[in-house]
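The values are calculated or read from the model by the stated rules, or taken from the named source; none is laboratory data. Source: prediction; values computed, not measured. Here the Cβ positions follow ideal geometry from the backbone for every residue, glycine too, while neighbour counts run over all protein chains shown. Please note that ligands, DNA and RNA were not included when accessible areas were found on the heavy atoms of the full protein model with its side chains. Shrake-Rupley method; radii C 1.70, N 1.55, O 1.52, S 1.80 Å.
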Amino acid sequence: MSHPKAATEFLKDQANSQWHDETLWMIRDKRDASSKSIPEWEELRNLASEIKDNVLSNLDKYLEQFEAQALKNGIKVHWAKDAKEHNEIVLSILQEKNCEAIVKSKSILTEECHLNPYLEKQGIEVVDTDLGERIVQFLQQPPSHIVMPAIHLKKRDISALFHDKLQTEKGNEDPSYLTNAARLHLREKFLASKVAITGVNFGVAETGEFVVCTNEGNADMGVHLADVHIACMGIEKIIPRRKDLGVFLRLLARSATGQPITNYSSHFRSPATGKEIHLVLVDNGRTRQLAREKFKNSLKCIRCGACMNTCPIYRRSGGFSYGSTVPGPIGSILSPGLDMKKYSTLPFASTLCGSCSDVCPVKINIHEQLYEWRQEITKHHGTVGKGLSMKLASGIFKSPLAYQFSGSLMRKVIKSLPESVIYNPLNIWGKSRDLPKAPKESFQDWYKRNRHE
Amino acid sequence: MKKEPHIGLFIPCYVDQFYPQVAIATLELLEKLGCKVSYPLGQTCCGQPLANAGYERDTEGSSLHFIQLFEEFDYIVAPSGSCVLHVKEHFPNHPGKEKSAKSIQKKIFELTEFLTDVLKVENLKGTFQKKVGYHSSCHGLRGLRLASSSELNIPHFNKAKQLLTNLDGLEWVELSRSDECCGFGGTFAITEEALSVQMGKDRLADHLSHEVDVLTGGDLSCLMHLEGIAKREGQKVEFMHIAEILNQAIR
Ligand code: SF4
């Protein structure tokens, strides 16, 4: 479904879309308060941005250094060029360990690779242990937000879901009651699982260690109870030195939720005796994006979700309206790089207001890249045109609104036509908005009469 | 200002056609402040709507025309942040014309920043006895940095507010969401009609809940969108471009 269609659907439930907008705005507010309590906030953003620029220009070197250090630490390192290879690597490890059930903490990368359905097809039970992820997994939905996967659901929905799946009391919406039920349910899964999968927030090239940030401690719980830890990491998650972590950890949680730091920032360096750590380094389109000069710095993203919370479009259309693993502004500049045709409406799902770029902790020029993607997409109008919504394809591009408005002809047309037959774009304009009254004369005419010699 | 610089007045196409009174107010205001202003005839669209719709490459003709029309002036001033930003950032390359394009991009100003930064207007004497809500248009705000955006942790400033709060009797309203987008967004207003209208309604509601008499701003495209919604809803609030307020206030 195109973004405009999905957004129109979402907006039909006015009360819900308003609630969604306000809920996310509250998080943006918390982020504002938290970032403003740090006098050096903008300096931190500059630093983070520059560190990531350095990483992207030297990614090959850092990756080799990271691999060498990790191997020294006793970590087994795998390289996957795409989602398929990533999934096969994970499966082969599981098969080697005769493992039929795994626990997984939040990882957008495994979501991107569609690991869950792949493993389930092979008869392996996958349990997402992040509370929000578990909720959407029960519902067989993808996450609607990269930090808060179930943000589109209300307490009442979760209560009903848990009543159905976990036999909680009907109608009990108390968050601590529901969380406790989930905890007991997940505990069984944790105890039964020999392999735990996590994502990676930061891989430190200098030391070969990696850091996973969670609020629920579920990554640690999974890893400590399992014999084998598989960490799946996008190759752009590298940072050069351990001390750079200070910059990123301070920015990440504050940008994401307004917390000073995530509850758990877990460092993994080498396996405990008798245990194994596997690290799967995944490309899946990242080197292709890196080669695109105008779009490469989208790879600086640390997945804080702040651009979603601030986006007036995301807040009012919901994560699912984007139809991509990563929704919101950052999703709209990453997704066309993966499949321009499928995601052709996303760069247009923006007013280019620029709030995303100002909120981004690593200073990605998101709105400028949206603009640049538009220039790319229209070049392929013939081939991707069908993916564009009807409204986009119906020639408005060739005669945009302002051109229709300009010219004295249009002024006369508007004056003399009954409202119902006004030309198409104006018709759309006029559904819920009045048109400006056409004045007697243009400024140009006035000027000629009044000022021109 | 030294040696009476010559100002070229740039009036965006839709302002020329639909809001001549705003163009007149801009001209009169600049003249009252002692500027020598001319409006070069034959102005067309600067190309912004096409470029934002993904057809920047088709704006070569219009931007070249713009360069030729305005090359000779010392400053170019327009009552629209969004069109100024387009000229500054999204003019396509014109081989052989790089120097003229660069110089144009340096000497073009949105009206309020021209008043505060070039004319260095400090105390406007005038009266405007109304409660005013100001809509910070995004391209002016985050593109031209006409004010500090709410996302950044930098000292607060707002060029429009600096000018307006000079006026006697004017009551400046702080909104609940100080600088959220109104949802106009050029072609977005058409291609994402439902979202565009919802965003406009929400923005309008913020102003109305603060009981503003006049809703103003520096970009008529946003104001046209908000006014269109207000009219359809039968709201009484008055819409004025900031040039109209200033021109009316300083008789
Ligand atoms: S693009 Fe920036 S704001 Fe958006 S998720 Fe990534 S780091 Fe956060």
Scanning the stretch A:10-28 for residues that are part of a helix (DSSP H, G or I) and without any contact (Cβ under 8 Å) to a residue 12 or more places away in the chain, the one surrounded by the fewest Cβ atoms within 10 Å (Cβ to Cβ) turns out to be A:15
**Request:** Return yes or no: is residue A:349 open to solvent by less than 10 Å² (accessible area, probe 1.4 Å) and not acidic (Asp, Glu)?
**Result:** yes
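Rundown of residues vs (1) surrounded by 18 or more Cβ atoms within 10 Å (Cβ to Cβ); (2) not in a loop (DSSP other than H, G, I, E, B), yes/no style:
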site: B:31; (1), (2): no, yes
site: B:34; (1), (2): no, no
site: B:41; (1), (2): no, no
site: B:62; (1), (2): yes, yes
site: B:66; (1), (2): yes, yes
site: B:69; (1), (2): yes, yes
Take the conditions at pLDDT 95 or above and of a type in the set (Gly, Ala, Ser) and apply them to residue A:199. Does it pass?
yes
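Results for (1) within 7 Å of chain A (Cβ to nearest Cβ); (2) not aliphatic (A, V, I, L, M), shown as yes or no for each residue.
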{"site": "B:7", "(1), (2)": "no, no"}
{"site": "B:34", "(1), (2)": "no, yes"}
{"site": "B:56", "(1), (2)": "yes, yes"}
{"site": "B:59", "(1), (2)": "no, yes"}
In the set A:261, A:313, A:302, the lone residue that is near the ligand (Cβ under 10 Å from one of its atoms) and either open to solvent by less than 30 Å² (accessible area, probe 1.4 Å) or out of contact with any Pro (no Cβ under 9 Å at 6 or more places or on another chain) (or both) is A:302
Exercise for the section: Answer with yes or no whether residue A:239 is within 16 Å of the ligand (Cβ to nearest atom), assigned by TED's automatic domain parsing to the domain that holds residue A:127 and buried (at least 20 other Cβ atoms within 10 Å of the Cβ). Expected result: yes
With criteria (1) surrounded by 19 or more Cβ atoms within 10 Å (Cβ to Cβ); (2) of a type in the set (Gly, Ala, Ser); (3) in contact (Cβ under 8 Å) with a residue 60 or more places away in the chain, residue A:231 comes up short on (3)
Among the residues of the stretch A:320-329, is any within 24 Å of residue A:342 (Cβ to Cβ), outside the structural domain of residue A:196 (by TED's automatic domain parsing) and touching a Cys at 6+ places or on another chain (Cβ under 8 Å)? yes
Restricted to the stretch A:33-60 and to residues being of a type in the set (Val, Ile, Thr) and part of a helix (DSSP H, G or I), the residue farthest from the other protein chains (Cβ to nearest Cβ) is A:55
Inside the stretch B:134-186, the number of residues satisfying the requirement of being within 25 Å of residue A:306 (Cα to Cα), open to solvent by 30 Å² or more (accessible area, probe 1.4 Å) and of a type in the set (A, V, I, L, M, F, W, C) is 2
Flagged in the stretch B:150-196 as in contact with a Leu (Cβ under 7 Å, 6 or more places away or on another chain) and among the charged types (D, E, K, R), in numbering order, are B:159, B:179
Within the stretch B:71-88, residues being open to solvent by 10 Å² or more (accessible area, probe 1.4 Å) and free of Cβ contacts under 8 Å to residues at least 60 places away in the same chain number 3
So is residue A:287 away from the ligand (no atom under 14 Å from the Cβ) and open to solvent by 10 Å² or more (accessible area, probe 1.4 Å) or not? yes
Considering only helices (runs of 4 or more DSSP H) wholly within the stretch A:328-382, the ones with at least 1 residues that are modelled with pLDDT under 95, within 11 Å of the ligand (Cβ to nearest atom) and within 18 Å of the chain's Cα centre (by Cα) are none
Of the listed residues (B:180, B:151, B:227), the one being modelled with pLDDT of 95 or more, under 19 Å from residue A:432 (Cα atoms) and within 8 Å of another protein chain (Cβ to nearest Cβ) is B:227
If we ask which residues in the stretch A:105-146 are β-branched (Val, Ile, Thr), open to solvent by less than 30 Å² (accessible area, probe 1.4 Å) and within 16 Å of the ligand (Cβ to nearest atom), their number turns out to be 1
**Message:** Against the definition (assigned to a helix (DSSP H, G or I), modelled with pLDDT of 95 or more and either over 20 Å from residue B:180 (Cα atoms) or in the same structural domain as residue A:213 (by TED's automatic domain parsing) (or both)), how does residue A:309 come out, yes or no?
**Reply:** no
All-but-one check, residue A:282 against (1) open to solvent by less than 30 Å² (accessible area, probe 1.4 Å); (2) within 16 Å of the ligand (Cβ to nearest atom); (3) away from chain B (no Cβ under 14 Å), failing number (2)
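For (1) more than 10 Å from every other protein chain (Cβ to nearest Cβ); (2) touching a residue at least 60 places away in the same chain (Cβ under 8 Å); (3) in contact with a Phe, Trp or Tyr (Cβ under 7 Å, 6 or more places away or on another chain); (4) open to solvent by 10 Å² or more (accessible area, probe 1.4 Å), each residue gets a yes or a no:
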residue: B:202; (1), (2), (3), (4): no, no, no, yes
residue: B:205; (1), (2), (3), (4): yes, no, no, yes
residue: B:213; (1), (2), (3), (4): yes, yes, no, yes
residue: B:231; (1), (2), (3), (4): no, no, no, yes
Output for Cβ contacts, cut-off 7 Å, separation at least six or different chains, first residue closer than 28 Å to residue B:194 by Cβ and more than 14 Å from chain B (Cβ to nearest Cβ) in the stretch A:293-315, second open to solvent by less than 10 Å² (accessible area, probe 1.4 Å) and near the ligand (Cβ under 6 Å from one of its atoms), reads A:298/A:330; A:298/A:364
